[in-house]
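For reference, the structure discussed in these notes is given below.
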Amino acid sequence: LDVSNNTALSLFHVENNRLTSLDVSKNTNLHDLYAQDNRLTSLDISRNTELGLLDVSGNNITSLDVSHNTKLGYLKVSFNQLTSLDISRNTALVSLYASDNNITSLD
């Protein structure tokens, strides 16, 4: 799925597919990303600094860096393979769903 030319994309629903990779690095206007219930093992959202909502639940993600996504208000990462999650820079966060992972501590 190539959305690299869709640079004005702000809302992206791609849930319930069989995606094993997703490149949203050129979608810098992205505000809401729904990519739950796929087969993703990683997702680079470091350039998506406008993200306010991210739902990647139901994938196989082992690590996720949200340190550049300081506008995140809603983050859903449930049912993945995360062992840690650093949300210390996500001060706008009002909803966090991180159940059914392998996270041993959360600050």
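The values are calculated or read from the model by the stated rules, or taken from the named source; none is laboratory data. These numbers come from a predicted model, not from an experiment. Positions of Cβ are backbone-derived with ideal geometry, glycine not excepted, and every protein chain shown enters the neighbour counts. Accessible surface areas use protein heavy atoms only, side chains included; no ligands, DNA or RNA. Shrake-Rupley method; radii C 1.70, N 1.55, O 1.52, S 1.80 Å.
Here is how the numbers come out for the structure above:
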| read-out | value |
| --- | --- |
| Residue count for region 86-102, restricted to those that are surrounded by 15 or more Cβ atoms within 10 Å (Cβ to Cβ), out of contact with any Asp or Glu (no Cβ under 9 Å at 6 or more places or on another chain) and farther than 16 Å from residue 37 by Cα | 3 |
| Top-ranked residue of region 20-41 - restricted to ones that are out of contact with any strand residue (DSSP E or B) (no Cβ under 8 Å at 6 or more places or on another chain) and open to solvent by 70 Å² or more (accessible area, probe 1.4 Å), ranked as nearest to residue 102 (Cα to Cα) | 41 |
| Residue check, residue 54 in contact with a strand residue (DSSP E or B) (Cβ under 7 Å, 6 or more places away or on another chain) and not in a loop (DSSP other than H, G, I, E, B) | yes |
| Some residue of region 5-19 being surrounded by 13 or more Cβ atoms within 10 Å (Cβ to Cβ), among the β-branched types (Val, Ile, Thr) and over 20 Å from residue 97 (Cβ atoms) | no |
| Cβ-Cβ under 6 Å pairs, at least 6 apart or on other chains, region 14-38 side closer than 11 Å to residue 59 by Cβ, far side among the β-branched types (Val, Ile, Thr) and modelled with pLDDT of 95 or more | 35/14; 35/56 |
| Residues that are of a type outside the set (A, V, I, L, M, F, W, C), surrounded by 13 or more Cβ atoms within 10 Å (Cβ to Cβ) and in a loop (DSSP other than H, G, I, E, B), drawn from region 68-85 | 68, 69, 70, 71, 73, 78, 80, 81, 84 |
